[in-house]
Amino acid sequence: MPVEIVMPKLGLTMTEGLIVEWRKKEGDPVTKGDILFVLETEKVTYEVEAPEDGTIGKILVKEQETVPVGALVAYLLKPGESAVAITAAPAAAPRAEAASPAPAAASAAAAAPAAPAGGRVKATPLAKKLAKEYGIDLAAMGGTGPGGRILREDVEKAKASGIKAPTAAAPAAAAPSAEEKLVPFTGMRRTIAKKMLQSKLEAAQTYMSNTVDASNLQRYREALLPFVEKKYGVRLTITDLMMKVTGAALREHPVVNTRWTEKGVLYLPEVHMGMAMALDEGLIVPVIKSINAKSLGQIAVDRTALIKKGKTNSFLPDDIKGSTFTLSAMGMFGIEQFTAIINQPENAILGVAAIIDKPVVEKGQIVIRPMMNVNLSYDHRTIDGAEAGKFMQTLKAFIEDPVMILG
């Protein structure tokens, strides 16, 4: 009998999935472990593998269609079976998540733009790979996926229509007239909107900031940099250090590492550090589990692995759930100060700004020091101002003398 390929359940909260792209088409032979299709949930993109050897007999759900978990999406014929083995295939009940892809006769350029001028191009990993092989400029074409993402079929159409990467000698094309466009919401964007609004409406968000001297933090990093790079194969960053010292400060002030519930305040024994990360599609918060039990080198390894998963859209559900506190770093953009929104259901989030040389008064003298602003957003229903102040005081002490976290 043919093997039924269904929409997998990737996590406890997953109820449906969007098929972003089929990697195999009807009639294609497959080997166990081959990627059959790419699905998208509210937060992650996941590649579904073939459970065994065979041939794709029938695809029941098209790209850009959403079906419930467990829904039949395709049949896989076992070796020796033919398509006649598929009888009375049940009709799937997909629900369109985004606008239908452009018909085959339409040009690739008629699809939604993949990115604004000068911005990053949104494309699936396979589409990027094919574009590189074909010498196609992704920025010069549009995508039919969610939010204008370029899919494999868009690249194939572009190849057929003759779109190529520009050469240095090619004259610059005239800028097209600006036009309004409507970009359909992706599942991730809907989730972000829901959670951000929920956080602002439900939590009594209050804010507290401090400016700290990052001199010793920088020295500490420089001293450990060659050791960590040699032992772990990754570069230690200020963000790694900030996550470590923040975890240590939370251990001293457990009321900040809590959750508000209808029955009372839930104190969490472990600090699972959320790391706010920007993707082309929106914001996501991967998690470094039990951060106080990890060395700085291991934290750097975990951070590097999570960033790689973000760039390749390969997060697993466990990578992005369970955080108890979140750190959002904006230093790479030169931001001097900002206020972050609490990542529900957590009770607090720390915004870490850029390290900037500034004049400060020290023993009556004006000196230049690398200063950094840290801003705590916290839920006043659970955390009183005095407790938040104590946490910020400890955090400042740990940042300005990182050796203290070794005690």
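Remarks
- Filtered residues of the range 325-335 (kept if surrounded by 14 or more Cβ atoms within 10 Å (Cβ to Cβ) and farther than 29 Å from L406 by Cα): I335
- Just one of the numbered conditions (1) of a type in the set (D, E, K, R); (2) at pLDDT below 95; (3) out of contact with any strand residue (DSSP E or B) (no Cβ under 9 Å at 6 or more places or on another chain) is not true of E270: (2).
- Residue tally, condition in contact with a Pro (Cβ under 7 Å, 6 or more places away or on another chain) and loosely packed, with under 15 Cβ neighbours inside 10 Å, over the range 66-77: 0
- Any pair with Cβ under 7 angstrom, 6 or more apart, that starts in the range 319-330 at a residue that is more than 12 Å from G11 (Cα to Cα) and ends at one that is hydroxyl-bearing (S, T, Y) and open to solvent by 30 Å² or more (accessible area, probe 1.4 Å): A329/T239
- In the set (1) farther than 30 Å from A140 by Cβ; (2) modelled with pLDDT of 85 or more; (3) not hydrophobic (A, V, I, L, M, F, W, C), R95 fails one condition alone, (2).
- Pairs, first closer than 16 Å to V287 by Cβ in the range 238-260, second open to solvent by 10 Å² or more (accessible area, probe 1.4 Å) and at pLDDT below 95, C-beta under 7 Å, six or more apart: K244/I405; R259/P345
- Of all residues in the range 44-65, those that are assigned to a loop (DSSP other than H, G, I, E, B) and either in contact with a Pro (Cβ under 8 Å, 6 or more places away or on another chain) or open to solvent by less than 50 Å² (accessible area, probe 1.4 Å) (or both) total 8.
- Restricting attention to the range 1-39, the residues that are of a type in the set (F, W, Y) and surrounded by fewer than 16 Cβ atoms within 10 Å (Cβ to Cβ) add up to 0.
- Subset of the range 312-324 (residues that are touching a strand residue (DSSP E or B) at 6+ places or on another chain (Cβ under 6 Å) and open to solvent by less than 10 Å² (accessible area, probe 1.4 Å)): none
- Residues of the range 342-359 classified as at pLDDT 95 or above and surrounded by fewer than 19 Cβ atoms within 10 Å (Cβ to Cβ), total: 4
- Residue count for the range 274-306 under the criterion of being open to solvent by 40 Å² or more (accessible area, probe 1.4 Å) and either in contact with a Phe, Trp or Tyr (Cβ under 7 Å, 6 or more places away or on another chain) or part of a strand (DSSP E or B) (or both): the result is 3.
- Selection status of K309, outside any loop (DSSP other than H, G, I, E, B) and either surrounded by fewer than 20 Cβ atoms within 10 Å (Cβ to Cβ) or in contact (Cβ under 8 Å) with a residue 40 or more places away in the chain (or both): yes
- Contact map, the range 195-208: first residue among the hydroxyl-bearing types (S, T, Y), second residue open to solvent by 50 Å² or more (accessible area, probe 1.4 Å) and not in a helix (DSSP H, G or I), Cβ cut-off under 6 Å, separation 6 or more or different chains; pairs are S199/I341; T206/H380; Y207/T339.
The values are calculated or read from the model by the stated rules, or taken from the named source; none is laboratory data. Owing to the predicted nature of the structure, the values given are computational and were not obtained by experimental measurement. For neighbour counting, all protein chains shown are included, and Cβ atoms are generated from backbone atoms with ideal geometry for every residue, glycine included. The accessibility values were calculated without ligands, DNA or RNA, using every heavy atom of the protein model including side chains. Shrake-Rupley method; radii C 1.70, N 1.55, O 1.52, S 1.80 Å.
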